[in-house]
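Written below as structure tokens is the structure these notes are about.
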Amino acid sequence: MKFSTRTRYGIRTMLEIGLHHESGGILLKDISVNQDIPFRTLDHLIQGLKTADLITNCTGKNLCYTLTRPPSQISMLDIQKSIEPIICVVDCISPHFTCNRNEFCSAKDFWCGLNEQIISYFKSVTLQDMIVNQRKRLRKTKNILL
């Protein structure tokens with residue numbers, strides 16, 4: 001299973017916005033540079049994040065974004081759902097897929113169980129957790145460079 005580039009970029013975008021939430025927000029161009037995300041791609045991600053009510057424009061500033069609620073109240077699943085409609089490890093468990101083996105295939109139960117564990121993990125990790133971890137990594141990197 002592989003998550004899309006859009007999902008990975010979406011999480012990195014939210015991490016960057018979360019890191020600057022307390023300072024009033026961050027400009028789109030700075031998110032692009034800091035997270036190495038192409039500006040055009042980022043612009044599309046921002047629309048989904050705004051539609052999901054995870055971010056909003058900073059007061060009085062175009063292309064500046066901040067969180068709509070504290071990072072402790074935003075899960076990785078919230079972010080992922082703003083970008084992709086579902087998490088689905090294999091096609092046969094997708095609600096849009098009809099499988100002729102559905103009635104007698106115990107492998108489907110296995111995939112459903114794995115899928116539920118992944119969804120639970122996405123629910124259990126908040127943006128605040130990611131921010132704390134990122135700040136630790138940044139401090140460690142600065143100490144190594146000194």
Please report how far the C-alpha centroid of region 25-59 lies from that of region 112-126, rounded to the nearest whole angstrom. 25
If the chain between Tyr121 and Arg6 were fully extended at 0.36 nm per residue, the gain over the current Cα-Cα distance would be 39.5 nm
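What is the sum of charges around Pro70, taking Lys and Arg as +1, Asp and Glu as -1, for the other residues whose C-beta is under 15 Å from the C-beta of Pro70? Walk me through the numbers before you get to the answer.
Values: positive: Arg69; negative: Glu22, Asp53, Asp78, Asp129.
In short, -3.
Report in % the part of the accessible area of the chain that belongs to carbon and sulfur, leaving out ligands and nucleic acids; probe 1.4 Å.
Numbers: 4830 of 9360 Å².
Roughly 52 percent, rounded to a whole number.
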Most mobile of Asp91, Asp30, Asp43 in a GNM of the chain (Cα contacts under 10 Å): Asp91
In debye to the nearest 20, how big a dipole does region 44-115 give about its Cα centre with +1 on each Lys and Arg Cβ and -1 on each Asp and Glu Cβ? 280
In the set [x] 42; [y] 34; [z] 23, which value of percent of Cα pairs over 26 Å apart was calculated from the structure you see? [y]
Can you give the relative contact order of the chain as a percent, counting alpha carbon pairs under 8 Å and 6+ residues apart? 26
Using a Förster distance of 30 Å, the FRET efficiency for Arg40-Gln73 (Cβ separation, nearest 0.05): 0.50
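Cβ under 13 Å from Ile93's Cβ, Ile93 left aside: what net charge do those residues give with Lys, Arg +1 and Asp, Glu -1? Show your work: numbers first, answer last.
Numbers: positive: Arg101, Lys108; negative: Asp91, Asp109, Glu116.
Within the 13 Å Cβ shell, the charges total -1.
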Note down the magnitude of the dipole of the chain about its Cα centre, charges +1 on Lys and Arg C-beta and -1 on Asp and Glu C-beta and zero elsewhere, to the nearest 20 debye. 580
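Return one whole number: the accessible area per residue of region 1-132 in Å², for a 1.4 Å probe.
Numbers: 7780 Å² over 132 residues.
For region 1-132, the per-residue accessible area is 59 Å².
Greater than 22 Å separation of Cα atoms is the criterion. Which listed pairs, Lys29/Lys142; Lys29/Lys140; Lys50/Lys123; Lys81/Lys136, meet it? Write out the running numbers ahead of the final one.
Details: Lys29/Lys142 24 Å; Lys29/Lys140 26 Å; Lys50/Lys123 20 Å; Lys81/Lys136 27 Å.
Pairs exceeding 22 Å: Lys29/Lys142; Lys29/Lys140; Lys81/Lys136.
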Using θ = phi - 60° and the Karplus form 6.51 cos²θ - 1.76 cosθ + 1.60, what ³J(HN,Hα) does each residue of region 12-17 get, whole Hz, x for Gly and Pro? 5, 4, 5, 4, 5, 5
Would any residue of region 64-83 have its amide N under 20 Å from a label point 7 Å out along Cα→Cβ of Asp129? List them or say none. 68-83
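The values are calculated or read from the model by the stated rules, or taken from the named source; none is laboratory data. Bear in mind that the values here come from a model prediction, so they are computed numbers and not experimental data. So basically every Cβ, Gly included, is an ideal-geometry build from the backbone, and we count neighbours across all protein chains shown. Just the protein is used for accessible areas: all its heavy atoms, side chains included, with ligands, DNA and RNA removed. Shrake-Rupley method; radii C 1.70, N 1.55, O 1.52, S 1.80 Å.
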